[in-house]
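J.: My questions will all concern the structure given below.
Quick note: the coordinates plus some simple rules give every number you see, no bench work behind them. Here the structure is a predicted model, which is why all the values come from computation and not from measurement. Backbone-built Cβ (ideal geometry, glycine too); neighbour counts: all protein chains shown.
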Amino acid sequence: MGDVLNFRDSAPASETPVALAAFLGASNATAVRIEPGEDARALLAHLDRLSLVEVTFPAFGDGRGYSAARILREAGYTGELRASGDVLVDQLLAMRRVGFDTLVPNAPLDPAIVETTLSRFADVYQKAVDGRTPIWAKRYEEA
Amino acid sequence: MYLYDKYDQAMVDARVEEFRDQARRRLAGELTEDQFKPLRLMNGLYLQLHAYMLRVAVPYGTLSGRQMRMLGHIAHKYDKDYGHFTTRQNIQYNWIKLEDAADILADLASVEMHAIQTSGNCIRNISSDQYAGVSADEVTDPRPWAELLRQWSSFHPEFSYLPRKFKIAVIASQEDRAAMRLHDIGLELVKRDGVVGARVFVGGGMGRTPMIAPEIRDFVTEDEIISYVEACLRVYNRYGRRDNKYKARVKILVHELGKDEYRRQVEEEFAHMKTLGLDPPVAELDRIRTYFADPAYETGIADTVDRSDPDFAVWLDQNVAAHKQPGYAIATISLKPVGGIPGDASSDQIKLMADLAERYSLDELRVTHAQNIVLPYVKKADLYALWQELDAAGLAPANLDLITDIIACPGLDYCSLANARSIPVAQKIANRFADIGRQQELGELKLKISGCINACGHHHAGHIGILGVDRKGTENYQLLLGGSGAEDASLGQITGPGFDENGIVDAIETVTNLYLRERSEGERFLDTYRRLGMAPFKEAIYG
Amino acid sequence: MKLLTGNDLASGDVIWWTGNGWSRHVGDAVDVADNGDALLASESAARRVNAAYIIDADATAAGPLPTHIKERIRASGPTVRTDLAINPEIEIVKA
């Protein structure tokens, strides 16, 4: 496994994720992999036995993984949610916002750029699954 | 109009710094072109036929004099002294340097402007009616909803890598002045039992497979509109086609699923999303609405206009629309001088329009999707003085909605996607029909030219449409008739084999002559075409 | 003939391979014949050109003339703003 960018408090899971079809077809696995065309909701009945869901990004332009991640977090999944593949530092903020907490990019990311990228935007416009208060809510907190 | 608060300003400022860093990494070779391309596209920077092109967002087509002046400054300082207003109410600059791009974005941010998401497979500029806020026929001003959606769509983490671009339009009248039905999502604000809500249309668009958006939901209230569009977008992001660029818009998904199945999937997602607290409180839309309140109109002022100057009277009758407020008028500045380049304005003209807005229009302008500029708050008493200044600057062609008010994409003169040039064709047509008497005789005639199938010139929605194609390395032009982007939306039909540049102008003369011979009382070209059908036109053209 | 062309990364200018460097004038362009792909790769890797590609052109008395109309317009400038043309001598519509 390449360099893991880890935003969790604990170490990343070491199990090798199994393919979704294999996982659903009677498996004891606790780690599963979702490809872009696969339905994250197929996992909803199994969330409590999963410690790792890996969502692949074979090409960064294919944004289906962002929906998959957010769906899982919306359903209450608290385990490790890993983005792997064609991930650049420029996608990092969006990935964190939709719930990814570990990343395994094809090419390692410069830690300095990771740091600046994540701290660049002080606020966010939308409510997502990262717990950040959206601007529209902040406007009324202060009022 | 909306004014940024500290949060909005911080967002655009941070975006400038993000892009500055991305451009620096590209120039230093730390990013390849393949890696940089989607990043620069999300800031509206294209590598085009001659140079980098920058598309600046004009949210729902509204801007202030100060912002317009900055657009003129950018044209002068960083470009070649002109800009092009587009069919999505934006402006684009054709000769930008990458090394200047971050500075340009910083200049824009200083006047609350940006180029965020004006390209790329993400949610684009939210467009609206150029007469919003000042037309008697609107249910409410649609722009607060557009602003709410603008903020919601900016840097949306789930929807930044969609199958393809996504365009949203919001109107609030039965008359559709924004081609709403030809957008990926179109919202028509209506009132039911005293409550304002949106009819939601999904799956419109032009391009290779033009479609008119079907209604997906008949009423969504303002406290649920964000959850609802999130649901529409999520279904699209998950299931829109990614195998073929020409089949990747949401219109294809809606068409292939059928609108009922698409609706079912959206409703299911919507039911889930409503539980997530995604919708801002109504107080937020109310806050935005305060920026769009009626200005302090003067009352008891002249409600008539002195028509004694005949040239002024011609412009008055053609380019000035009725305002909801007595004593006021809505003036359209045509950027379609005969023989000129449709939608282009020089930096001097842009700065003049900024001045005129400040003096004559309560400091506000609108960009229309027909590539013209509207001054929405002109006192009738000021119209003559305004016209004189416009006329001196070549900004007073009296041709709003006439045959020389042509929508034309930049075409092969500027665009690497194009198959044929569109601007020279527009110029030839305008020259052929230059006589204002002839134009008035023809009446309302919306002529739209695209240089390729991507249809940025909206040719499918033209009463007369022209599509440029590449016929064995030579430019060729197909003629379409009977399209409309208004509430009577229809898609133009091809007449038959295409023409060369001279042939297409002749063909247009042929069909307009037929119209003049055959029309009934009160019929526009479009109406006569719809009544007679294609056959007589085809016969007249091809014999 | 085959011409190697691309854009200058920083300025965005259209540039043409001259045999020992890059020019903004298509008149300076040389036939890259069978070496086009190799040159494209090495010049791109050296970052002396961005978004490079190879086009067909005809050798004429007036210099290389790109075969396809789009490439001729790219070599020349917008035909509706000849005041901005970089290479106004390029014939757009072949006689």
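J.: Below 18 Å, Cα to Cα, which aspartates and glutamates can B:K538 reach? Residues fewer than 8 away in the same chain don't count.
T.: By straight Cα distance, B:K538 reaches B:D500, B:D506, B:E509, B:E518, B:D527.
J.: Which log10 I(q)/I(0) values does region B:270-397 give at q = 0.13, 0.19 Å⁻¹ under the Debye formula, counting every alpha carbon as one identical point scatterer?
T.: Taking Cα atoms of region B:270-397 as identical point scatterers yields -0.61, -1.05.
J.: Under unit Cβ charges (Lys, Arg +1; Asp, Glu -1), what dipole magnitude, rounded to 20 debye, does chain A have relative to its Cα centre? Before the final figure, lay out each step's value.
T.: Details: 15 positive and 20 negative charges, 78 e Å.
For chain A, the charge dipole is close to 380 debye.
J.: Here's something else I'd like to know. Quote to one decimal, in nm, the extra length available between B:A392 and B:K6 on full extension: 0.36 nm per residue of separation minus the C-alpha distance between them.
T.: Numbers: separation 386, 0.36 × 386 = 138.96 nm, distance 4.06 nm.
This chain segment gains 134.9 nm when fully extended.
J.: Let me ask something else. Mind scanning B:K259/C:K70; B:K80/B:K428; B:K6/B:K351; B:K6/B:K336; B:K6/B:K251; B:K251/B:K446 and naming the pairs with a C-alpha gap bigger than 32 Å?
T.: Numbers: B:K259/C:K70 40 Å; B:K80/B:K428 25 Å; B:K6/B:K351 28 Å; B:K6/B:K336 39 Å; B:K6/B:K251 37 Å; B:K251/B:K446 24 Å.
From B:K259/C:K70; B:K80/B:K428; B:K6/B:K351; B:K6/B:K336; B:K6/B:K251; B:K251/B:K446, over 32 Å: B:K259/C:K70; B:K6/B:K336; B:K6/B:K251.
J.: Oh, and also: Give the residue from B:T275, B:F312, B:A302 lying farthest towards the positive end of the charge dipole for region B:273-322; charges sit on Cβ (+1 for Lys and Arg, -1 for Asp and Glu) and the dipole is referred to the Cα centre.
T.: Ranked along the dipole, the leading option is B:T275.
J.: If the elastic network links every pair of Cα atoms under 10 Å, which of A:F23, A:F121, A:F60 fluctuates the most in the Gaussian network model of chain A?
T.: A:F121
J.: Round to the nearest 10 and give me the degree value, 0 to 90, for the angle of helix A:111-120's Cα axis relative to the longest principal axis of chain A.
T.: Orientation of helix A:111-120: about 50 degrees from the principal axis.
J.: Given R₀ = 60 Å, FRET efficiency for B:R438-A:L47 by Cβ-Cβ distance, to 0.05?
T.: Working: r = 71 Å, r/R0 = 1.18.
Approximately 0.25, to the nearest 0.05.
J.: Also: Taking every residue in B:234-242, how many Cβ atoms of other protein chains lie within 10 Å of its Cβ, on average?
T.: On the way: counts 4, 1, 1, 8, 11, 4, 2, 0, 7.
Whole-number average of other-chain Cβ neighbours for B:234-242 is 4.
J.: Quick one: compute the contact order of chain C, relative version, from alpha carbon pairs under 8 angstrom and 6+ residues apart, as a percent. Intermediate results must be reported in sequence, preceding the final value.
T.: Values: 162 pairs, mean separation 24.3, N = 95.
Contact order relative to length: 26 percent.
J.: Full-extension gain between B:N431 and B:T209, please, as 0.36 nm times their residue separation minus the C-alpha to C-alpha distance. Don't jump to the answer; show the numbers that get you there.
T.: Details: separation 222, 0.36 × 222 = 79.92 nm, distance 3.17 nm.
Computed gain between B:N431 and B:T209 is 76.7 nm.
J.: Sticking with this one: State the three equivalent ellipsoid semi-axes of region B:41-95, derived from the C-alpha gyration tensor as the square roots of 5 times its eigenvalues, in descending order and whole Å.
T.: Numbers: eigenvalues 64, 41, 14 Å².
After scaling each eigenvalue by five and taking roots: 18, 14, 8 Å.
J.: By count of other Cβ within 10 Å, fewest leading, how are B:K165, B:K251 ordered? Present the calculation step by step, with values, prior to reporting the outcome.
T.: On the way: B:K165 19, B:K251 26.
Ranked by crowding around the Cβ, least crowded first: B:K165, B:K251.
J.: So which lysines pass the test for B:K274, namely a Cα distance under 19 Å, with those fewer than 8 places away in the same chain ruled out?
T.: By straight Cα distance, B:K274 reaches A:K127.
J.: Follow-up. Could you give me the percent of Cα pairs per 5 Å distance bin for region B:396-519, shortest bin first, beginning at zero and ending with the bin that holds the maximum distance?
T.: 2, 12, 23, 26, 20, 11, 4, 1, 0
J.: Could you work out the mean count of beta carbons from other protein chains within 10 Å of each residue's beta carbon in C:84-91? Before the final figure, lay out each step's value.
T.: Details: counts 6, 1, 2, 0, 0, 0, 0, 0.
Rounded to a whole number, the mean comes out at 1.
J.: How do C:46-53, B:318-325, C:11-18 rank on mean C-beta neighbours within 10 Å, highest first?
T.: On the way: C:46-53: 15.5, B:318-325: 19.0, C:11-18: 21.9.
The most tightly packed comes first, giving C:11-18, B:318-325, C:46-53.
J.: Could you tell me the calculated FRET efficiency between B:A293 and B:R517, based on Cβ-Cβ distance and R0 = 41 angstrom, to the nearest 0.05? Walk me through the intermediate numbers first.
T.: Numbers: r = 51 Å, r/R0 = 1.23.
It comes to 0.20.
J.: Could I ask something else about it? If you average the alpha carbon positions of region B:435-497 and of region B:219-297, how far apart do those two centres end up, in angstrom?
T.: Between the Cα centre of region B:435-497 and that of region B:219-297, the gap is 31 Å.
J.: Compactness ratio of region B:187-261: Cα Rg over 2.2 N^0.38 Å, N = residue count?
T.: Values: Rg = 13.5 Å, N = 75, 2.2 N^0.38 = 11.3 Å.
In units of the globular-protein estimate, region B:187-261 measures up at 1.19.
J.: Still on this model: Averaging sequence separations of C-alpha pairs under 8 Å and six or more residues apart, then dividing by the length of region B:78-131, give the relative contact order as a whole percent. Kindly include the intermediate steps, with their values, before the conclusion.
T.: Values: 32 pairs, mean separation 13.9, N = 54.
In percent, rounded to a whole number, it is 26.
J.: Which percent, to the nearest 5, of DSSP beta bridges fully inside the protein assembly as shown are antiparallel? Let's see the in-between values first.
T.: Numbers: 67 of 97 bridges.
Antiparallel bridges: around 70 percent, rounded to the nearest 5.
J.: Could you tell me the extents of chain A's C-alpha atoms along the three principal axes, largest first, rounded to whole Å?
T.: Extents along the principal axes, in whole Å: 53, 33, 29.
J.: In the protein assembly as shown, if the dipole is taken from +1 on Lys/Arg beta carbons and -1 on Asp/Glu beta carbons about the Cα centre, which of C:M1, B:S334, B:L417 is farthest to the positive end?
T.: Going by the Cα projections, it comes out as C:M1.
J.: For the Cα atoms of chain A, what angle does the longest principal axis make with the long axis of helix A:64-74, in degrees from 0 to 90, nearest 10?
T.: Roughly 80 degrees between the two axes.
J.: Compute the longest continuous run of chain A that contains no exposed GluC sites (Glu not before Pro); treat a site as exposed when its DSSP state is not H, G, I, E or B and it has at most 15 other Cβ atoms within 10 Å.
T.: Within chain A, the longest run free of exposed GluC sites (Glu not before Pro) spans A:16-141.
J.: Which value, in debye to the nearest 20, gives the size of the charge dipole of the protein assembly as shown about its Cα centre, when Lys and Arg are +1 and Asp and Glu are -1 at the Cβ? Intermediate values should be presented prior to the final figure.
T.: Numbers: 88 positive and 111 negative charges, 240 e Å.
The calculation lands at about 1160 debye.
J.: According to a simple spin-label model (label point 7 Å from Cα along Cα-to-Cβ), what is the distance in nm between B:D218 and B:R530?
T.: The answer from the label model is 2.3 nm.
J.: Identify, among B:L63, B:M53, B:L41, the residue whose Cα sits farthest towards the positive end of the charge dipole of region B:31-81, taking +1 on the Cβ of Lys and Arg and -1 on the Cβ of Asp and Glu, with the dipole about the Cα centre.
T.: B:L63
J.: A further question follows. One quarter of the convex hull surface, Cα atoms only: what value does that give for region B:142-242 in nm²?
T.: Numbers: hull surface 26.2 nm².
Value for region B:142-242: 6.5 nm².
J.: Related question: Over region B:79-158, one equal point on each Cα, no solvent: what is log10 I(q)/I(0) by the Debye formula at q = 0.21, 0.25 Å⁻¹?
T.: Those come out to -1.16, -1.34, one per q.
J.: Once Rh for region B:354-449 is found with the Kirkwood sum over Cα pairs, what is the Stokes-Einstein diffusion coefficient at 4 °C and 1.567 mPa s, in µm²/s? Before the final figure, lay out each step's value.
T.: On the way: Rh = 15.1 Å.
Calculated translational D: 86 µm²/s.
J.: Compute the Kirkwood hydrodynamic radius of the protein assembly as shown, taking the inverse of the mean of 1/r over all pairs of distinct Cα atoms, and give it in Å to one decimal. Can you show the working numbers first?
T.: Details: mean 1/r = 0.0361 Å⁻¹.
It is 27.7 Å.
J.: Further, regarding this structure: Enumerate the lysines that B:K37 could reach by cross-link, defined here as Cα to Cα under 21 Å, with residues fewer than 8 away along the same chain left out.
T.: B:K97, B:K165, B:K167, B:K245
J.: So what's chain B giving for Cα Rg divided by 2.2 N^0.38 Å, two decimals? Please list the in-between numbers first.
T.: On the way: Rg = 22.6 Å, N = 543, 2.2 N^0.38 = 24.1 Å.
The value comes to 0.94.
J.: Kirkwood Rh over Cα pairs of region A:1-53 into Stokes-Einstein at 20 °C, 1.002 mPa s: D in µm²/s?
T.: On the way: Rh = 12.0 Å.
In µm²/s, the coefficient rounds to 178.
J.: Between C:A85 and A:A19, what is the label-to-label distance in nm when each label sits 7 Å out along the Cα-to-Cβ direction?
T.: So the two model labels end up 6.0 nm from each other.
J.: What percent does the relative contact order of region B:316-385 come to when contacts are Cα pairs within less than 8 Å and at least six residues apart? Mind dumping the intermediate values first?
T.: Working: 93 pairs, mean separation 24.2, N = 70.
So the answer I get is 35 percent.
J.: Report, as an integer, the average count of C-beta atoms from other chains found within 10 Å of each Cβ along A:124-134. Present the calculation step by step, with values, prior to reporting the outcome.
T.: Values: counts 6, 12, 13, 8, 5, 3, 1, 0, 0, 0, 7.
Averaged over the peptide's residues, the number is 5.
J.: A follow-up question, please. Could you tell me how far the Cα centroid of region B:108-177 sits from the Cα centroid of region A:79-143, in Å?
T.: If we compute the Cα centre of each part, the gap is 24 Å.
J.: Can I ask one more? Note down the net charge around A:D110, summing +1 for each Lys or Arg and -1 for each Asp or Glu among other residues with Cβ under 14 Å from its Cβ. Can you show the working numbers first?
T.: Numbers: positive: B:R24, B:R25; negative: A:D3, A:D90, A:E115, B:D21, B:E30.
Neighbourhood net charge equals -3.
J.: Please order A:V114, C:V93, A:V104, B:V378 by the number of other Cβ within 10 Å, starting at the fewest. Write out the running numbers ahead of the final one.
T.: On the way: A:V114 15, C:V93 11, A:V104 20, B:V378 25.
Neighbour counts put them in this order, fewest first: C:V93, A:V114, A:V104, B:V378.
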